[in-house]
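Chemist: Please see the structure below; I have some questions.
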Amino acid sequence: MAYAAFRSIGAYAPSKVLSNDDLAKMVDTSDEWITKRTGIKERRIAANDEFTSDMGMKAAEKAIERSGLDKSEIDMVICATISPDYFCMPSTATIISTKLGLGNVTAFDISAACTGFVYILSIAKAFIESGMKKNVLIIGAEKLSAITDYTDRATCILFGDGAGAAIISATDNKDEAIIDIHTGADGQFADLLMSPNGGSGSFHDTLEQEATSCFMQMKGNETFKVAVKTLTKDVVEILKENNIQSSDIKHFVPHQANLRIIKAVGDALKLEDEQVVLTVEKYGNTSGASIPMAINDIYESGRLQAGELMLLDAFGGGLTWGSALVPFSPLK
Ligand code: UT7
């Protein structure tokens with residue numbers, strides 16, 4: 001049987017920084033409020049002519065280079081995004097694969113909001129274990145600034161742009177394999193976090209409505225409570241089912257939505273500070289890109305070594321959630 005190994009990571013963050021002080025000039029907020037309630041100090045914003053696919057491509061280039069694979073060996077590309085270049089078609093994954101010059105590969109997007117990276121990891125694992133694919137490029141890429149209402153202080157302080165990518169490859173060595181992935185969803189909570197317009201479920205009378213149709217709306221406080229409960233339950237279950245103690249986790253890589261959520265889950269698991277990976281302060285919430293951007297952060301700072309066990313934990317619109325036990329298994 002083939003196993004799926006997490007071989008490499010890459011990420012890209014646009015150069016433009018939007019600070020809390022910048023936002024305080026746009027809406028009624030302050031650096032103090034944002035820092036205290038979210039832990040975010042700044043976020044990155046893509047240029048007008050920089051698309052989700054451009055950021056995804058740059059992250060993917062790094063992941064491919066670090067994997068040691070030739071581009072011709074990649075046989076599938078999956079992109080997790082809620083801010084695709086084009087809402088209906090083509091998929092951002094097909095655009096990225098063409099920009100990378102990958103030729104004829106299977107390519108498609110999935111929509112699972114902030115849980116997107118854990119979802120595409122599970123899809124890559126399943127394709128590899130079934131023997132259908134050997135080397136899968138997975139990408140979480142978001143230009144959330146394109147779907148953020150910068151007059152709404154409840155949401156515009158949270159989100160940023162960026163991309164992260166990984167190569168998942170077939171291996172015979174069980175020690176290198178992704179151990180387990182949990183994914184879940186409950187549409188009962190759909191209205192907590194959504195872009196309520198812009199799809200076949202909405203109708204627009206005016207061009208103005210059309211232009212703002214994809215903006216995100218969130219019932220932040222209710223989402224917060226469900227997030228803490230669900231994230232904690234999910235990681236407790238995946239650790240228990242796999243007979244792994246939280247002390248065995250080298251890097252806990254949660255979705256970077258809010259420092260208070262991350263701390264609550266970390267405390268529930270009795271994790272030490274050095275086990276918890278944090279990028280929320282500098283990137284804010286980049287939805288499907290947040291987990292791979294955080295993994296890239298520990299890789300580039302030399303903190304992520306071969307064989308070390310990561311616990312990924314995500315939660316987002318849908319509502320969706322997921323967790324994964326992933327050893328870092330680069331080719332020697
Ligand atoms: O990525 C997917 C998952 N996302 C999440 O899990 C996010 C979950 N939610 C959150 O992170 C938090 O709920 C927020 C950071 C969004 C909000 O923090 P909160 O502590 O839940 O604040 P709140 O919504 O309960 O609002 C408290 C007060 C309100 O004023 P009143 O009614 O008490 O007078 C808000 O109007 O803070 C006010 N407020 C703000 N004040 C200054 C809301 N946004 C702001 C702001 N600046 N940006």
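The values are calculated or read from the model by the stated rules, or taken from the named source; none is laboratory data. Computed from a predicted structure; not experimentally measured. Ideal geometry is used to build each Cβ from the backbone, glycine not excepted, and the neighbour counts take in all protein chains shown. Areas reflect the complete protein model, heavy atoms only, side chains present, ligands, DNA and RNA absent. Shrake-Rupley method; radii C 1.70, N 1.55, O 1.52, S 1.80 Å.
Chemist: With the structure loaded, tell me whether Ala146 is closer than 24 Å to Asp313 by Cβ and either in contact (Cβ under 8 Å) with a residue 60 or more places away in the chain or more than 14 Å from the ligand (Cβ to nearest atom) (or both) or whether it fails that test.
Modeler: Values: closer than 24 Å to Asp313 by Cβ: no; either in contact (Cβ under 8 Å) with a residue 60 or more places away in the chain or more than 14 Å from the ligand (Cβ to nearest atom) (or both): yes.
The answer is no for Ala146.
Chemist: Collect the residues in region 57-82 that are touching a Gly at 6+ places or on another chain (Cβ under 9 Å), touching a residue at least 60 places away in the same chain (Cβ under 8 Å) and open to solvent by 30 Å² or more (accessible area, probe 1.4 Å), keeping them in residue-number order.
Modeler: Of everything in region 57-82, those that are touching a Gly at 6+ places or on another chain (Cβ under 9 Å), touching a residue at least 60 places away in the same chain (Cβ under 8 Å) and open to solvent by 30 Å² or more (accessible area, probe 1.4 Å) turn out to be Lys58, Lys62, Arg66, Ile82.
Chemist: Still on this model: Return a yes/no flag: does region 166-177 have any residue that is of a type in the set (Lys, Arg) and farther than 30 Å from Arg37 by Cβ. If you could, list the steps in order and put the result at the bottom.
Modeler: Start the filter on region 166-177 by keeping residues that are of a type in the set (Lys, Arg), which leaves 174.
Filter again for farther than 30 Å from Arg37 by Cβ, leaving 174.
Within region 166-177, one or more residues are of a type in the set (Lys, Arg) and farther than 30 Å from Arg37 by Cβ.
Chemist: Let me ask another. If you check Asp54 against the conditions, is it in contact (Cβ under 8 Å) with a residue 40 or more places away in the chain, more than 27 Å from Ser329 (Cβ to Cβ) and among the acidic types (Asp, Glu)?
Modeler: Yes.
Chemist: Are there any helices (runs of 4 or more DSSP H) wholly within region 256-301 with 2 or more residues that are open to solvent by 20 Å² or more (accessible area, probe 1.4 Å) and hydrophobic (A, V, I, L, M, F, W, C), and if so which? Outline the logic, then answer.
Modeler: Working: elements: 259-268, 280-283, 290-300.
Here the list reads 259-268.
Chemist: Do we have Thr223 as in a helix (DSSP H, G or I), at pLDDT 90 or above and either exposed (fewer than 13 other Cβ atoms within 10 Å of the Cβ) or touching a helix residue (DSSP H, G or I) at 6+ places or on another chain (Cβ under 6 Å) (or both) here?
Modeler: Working: in a helix (DSSP H, G or I): yes; at pLDDT 90 or above: yes; either exposed (fewer than 13 other Cβ atoms within 10 Å of the Cβ) or touching a helix residue (DSSP H, G or I) at 6+ places or on another chain (Cβ under 6 Å) (or both): yes.
The answer is yes for Thr223.
Chemist: Please indicate, with yes or no, whether at least one residue in region 230-240 is assigned to a strand (DSSP E or B) and either closer than 20 Å to Ile9 by Cβ or within 15 Å of the ligand (Cβ to nearest atom) (or both). Talk me through it step by step, then tell me what you get.
Modeler: Going through region 230-240, the residues assigned to a strand (DSSP E or B) turn out to be none.
No: region 230-240 contains no residue that is assigned to a strand (DSSP E or B) and either closer than 20 Å to Ile9 by Cβ or within 15 Å of the ligand (Cβ to nearest atom) (or both).
Chemist: Quick check on my filter: what residues within region 83-98 are surrounded by fewer than 24 Cβ atoms within 10 Å (Cβ to Cβ) and either without any contact (Cβ under 8 Å) to a residue 40 or more places away in the chain or assigned to a loop (DSSP other than H, G, I, E, B) (or both)? Spell out the reasoning first.
Modeler: Kept after step one, since they are surrounded by fewer than 24 Cβ atoms within 10 Å (Cβ to Cβ), are these residues of region 83-98: 85-91, 94-95, 98.
Selection gives Asp85, Tyr86, Phe87, Cys88, Met89, Pro90, Ser91, Thr94, Thr98.
Chemist: Write out, first by first residue and then by second, each pair whose Cβ atoms fall under 7 Å of each other, whose residues are 6+ apart or on separate chains, and whose first residue, in region 259-281, is farther than 19 Å from Trp321 by Cα while the second is within 16 Å of the ligand (Cβ to nearest atom) and basic (Lys, Arg).
Modeler: Going by the 7 Å Cβ cut-off, the qualifying pairs are Glu281/Lys41.
Chemist: Are any of the residues in region 321-332 among the basic types (Lys, Arg), surrounded by fewer than 24 Cβ atoms within 10 Å (Cβ to Cβ) and either at pLDDT 95 or above or closer than 24 Å to Ser83 by Cβ (or both)?
Modeler: Keep residues of region 321-332 that are among the basic types (Lys, Arg), which gives 332.
Subset that is surrounded by fewer than 24 Cβ atoms within 10 Å (Cβ to Cβ): 332.
Now restrict to residues that are either at pLDDT 95 or above or closer than 24 Å to Ser83 by Cβ (or both): none.
No - not one qualifying residue is present in region 321-332.
Chemist: Another one. If you scan region 164-189, which residues turn out to be of a type in the set (D, E, K, R) and touching an Asp or Glu at 6+ places or on another chain (Cβ under 8 Å)?
Modeler: Initially, region 164-189 is screened for residues of a type in the set (D, E, K, R), giving 172, 174-176, 180, 186.
The answer is Asp180, and nothing else.
Chemist: How about region 138-158: which of its residues are open to solvent by less than 10 Å² (accessible area, probe 1.4 Å) and either touching a Leu at 6+ places or on another chain (Cβ under 8 Å) or part of a loop (DSSP other than H, G, I, E, B) (or both)?
Modeler: Listed by number, the residues that qualify are Ile138, Thr148, Cys156, Ile157.
Chemist: With respect to Phe127, is the statement that it is open to solvent by 40 Å² or more (accessible area, probe 1.4 Å) and either farther than 19 Å from Gly316 by Cβ or among the charged types (D, E, K, R) (or both) true? Please lay out each step first, then the result.
Modeler: On the way: open to solvent by 40 Å² or more (accessible area, probe 1.4 Å): yes; either farther than 19 Å from Gly316 by Cβ or among the charged types (D, E, K, R) (or both): yes.
Yes.
Chemist: Looking only at residues in region 131-140 that are more than 16 Å from the ligand (Cβ to nearest atom) and touching a residue at least 40 places away in the same chain (Cβ under 8 Å), which one is farthest from the chain's Cα centre (by Cα)?
Modeler: Quick first cut of region 131-140, residues more than 16 Å from the ligand (Cβ to nearest atom) only: 131-139.
Imposing the further condition that a residue be touching a residue at least 40 places away in the same chain (Cβ under 8 Å) reduces the set to 131, 133-139.
Details: Gly131: 26, Lys133: 22, Lys134: 22, Asn135: 20, Val136: 16, Leu137: 14, Ile138: 11, Ile139: 8 Å.
Only one residue fits best here, namely Gly131.
Chemist: Looking at (1) away from the ligand (no atom under 13 Å from the Cβ); (2) under 28 Å from Asp149 (Cβ atoms), which is the only condition Leu269 fails?
Modeler: (2)
Chemist: Working only within region 95-124, note down all residues that are away from the ligand (no atom under 16 Å from the Cβ), of a type in the set (Ser, Thr, Tyr) and under 27 Å from Leu319 (Cβ atoms).
Modeler: Within region 95-124, just Ser122 meets the criteria.
Chemist: Suppose we filter His255, His251 for residues that are away from the ligand (no atom under 15 Å from the Cβ) and modelled with pLDDT of 95 or more; which single one remains? Break it down into steps so the answer makes sense when it comes.
Modeler: Values: His255 fails: away from the ligand (no atom under 15 Å from the Cβ).
The unique qualifying residue is His251.
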